[in-house]
Amino acid sequence: MKILKAWPLFTTILLLIAKSAPAQTPPTLGLRLFAGVNITGTVGSIYVVQSTSDLSQTNSWASLAFLQLPTTNYLFVDTGGPAQGTRFYRALLQAPPTNMVFIPPNTFRQGSPTNEAGRSADEGPQNTVTISHGFWMGKHEVTQGEYLAVLGSNPSQFTGDLNRPVETVSWLDATNYCAVLTAQHLAAGLIPAGSQYRLPTEAEWEYAARAGTSTRFSFGDDPNATSLPNNAWYAANSGAMTHPVEQKAPNPWSLYDMEGNVSEWCLDWQGAYPGGFETDPQGPASNSIGDKIIRGGSWDGFESDCRSARRMGFGVSPFLHDFILGFRVVLSCP
């Protein structure tokens, strides 16, 4: 691997390294006077951009962002880079992590309009939210088999098939799973240095659930719920139990069970929407009664609970869990 050197302050070295697949355009290498990297590759390919200030430390690379090439020649600019000094960058071609889907950045309307059928008051005022970063999201809820493999236990009430979503997990159980899975996969070299598994923020969850739509459900408004049984497990068709993942139709971004099966923990504390415009919102700093956000319908939910905008809260205590509650993970750069 050829290494470039730079001595002046404010100079950024661009070191582009890619694991090229067959027919992949060869990566480029160059010197620039900006903080970033020029990536040449196939449109739609996913890269992780990393940086370091010391090439002699092979374990010092930190992941900055996942990105999907919109053009064959794309300039990534590190807006959070240091004002002075030399920094090295590289872009590594990513294979999709097992059972995960890439979610590209964009802007969407969070919440529901006042005339939406089944609407709750806390779904407004609507926000215009920009998700500024791409991330990977589990294409299905974490299964009992996956949970068992990572933590060695299965707290679920509905057993008998390890492909059912894990449930009866607290928010602390879910975040602990993410932390342990991160440590395991970093040690095994399965995910890039500096990346992490975590719960989605509420905004990320709704953005992914909508998958570019603005209707009640990702498959349309469905006013008489004639299509809902094909897309979700809920009270009308679940038989009062969970079901193995991926049995209903996915949403337009190939995510399963966003409308039903189990409700899903998010990172955020529960709180009111501020309205207006936000970028990468994280929710309020706290909640007076200790409730975190849960999203998505469940096996015992009503039709209105399956809507993309539906939001609820549940206590974060380790002693508070329910057999409607599960989760899915995202893989992101900090």
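The values are calculated or read from the model by the stated rules, or taken from the named source; none is laboratory data. Worth saying up front: this structure is predicted, and the values here are computed from it rather than measured. Every residue, glycine as well, gets a Cβ built from its backbone with ideal geometry; the counts of neighbours run over all protein chains shown. To get the accessible areas, we keep the full protein, side chains included, count just its heavy atoms, and leave off ligands, DNA and RNA. Shrake-Rupley method; radii C 1.70, N 1.55, O 1.52, S 1.80 Å.
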- prompt: Given a Förster distance of 35 angstrom, what is the FRET efficiency for LEU151 paired with LEU55, based on the Cβ-Cβ distance and rounded to 0.05?
  reply: 0.40
- prompt: Seen from all sides and averaged, what is the projected area of the convex hull of the Cα atoms in the chain, in nm²?
  reply: 18.4
query: Hey, what's the chain come to in accessible area per residue, 1.4 Å probe, Å²?
result: 44
Theoretical ellipticity at 222 nm over the chain - DSSP helices of four or more residues, -39500 (n - 2.57) apiece, nearest 500: -3500 deg cm²/dmol
query: Nearest 0.05, what FRET efficiency do ASP221 and ASN163 give at R0 = 45 Å with Cβ-Cβ as r?
result: 0.90
- prompt: Taking the Cα centre of the chain as the origin, how large is its charge dipole in debye, to the nearest 20, when only Lys and Arg (+1) and Asp and Glu (-1) carry charge on their Cβ atoms?
  reply: 1360
statement: Checking rank on 163-172, 294-303, with mean other Cβ inside 10 Å and highest first, the result is 294-303, 163-172
query: Dipole of segment 214-290 (Lys/Arg Cβ +1, Asp/Glu Cβ -1, origin at the Cα centre): which of VAL262, GLY276, TYR234 lies farthest to the positive side?
result: TYR234
- prompt: Which percent of the accessible area of segment 264-306 is formed by carbon and sulfur heavy atoms (probe 1.4 angstrom)?
  reply: 56
message: Ignoring ligands, DNA and RNA, please state the percent of accessible area on segment 132-230 from carbon and sulfur, probe 1.4 Å.
response: 51
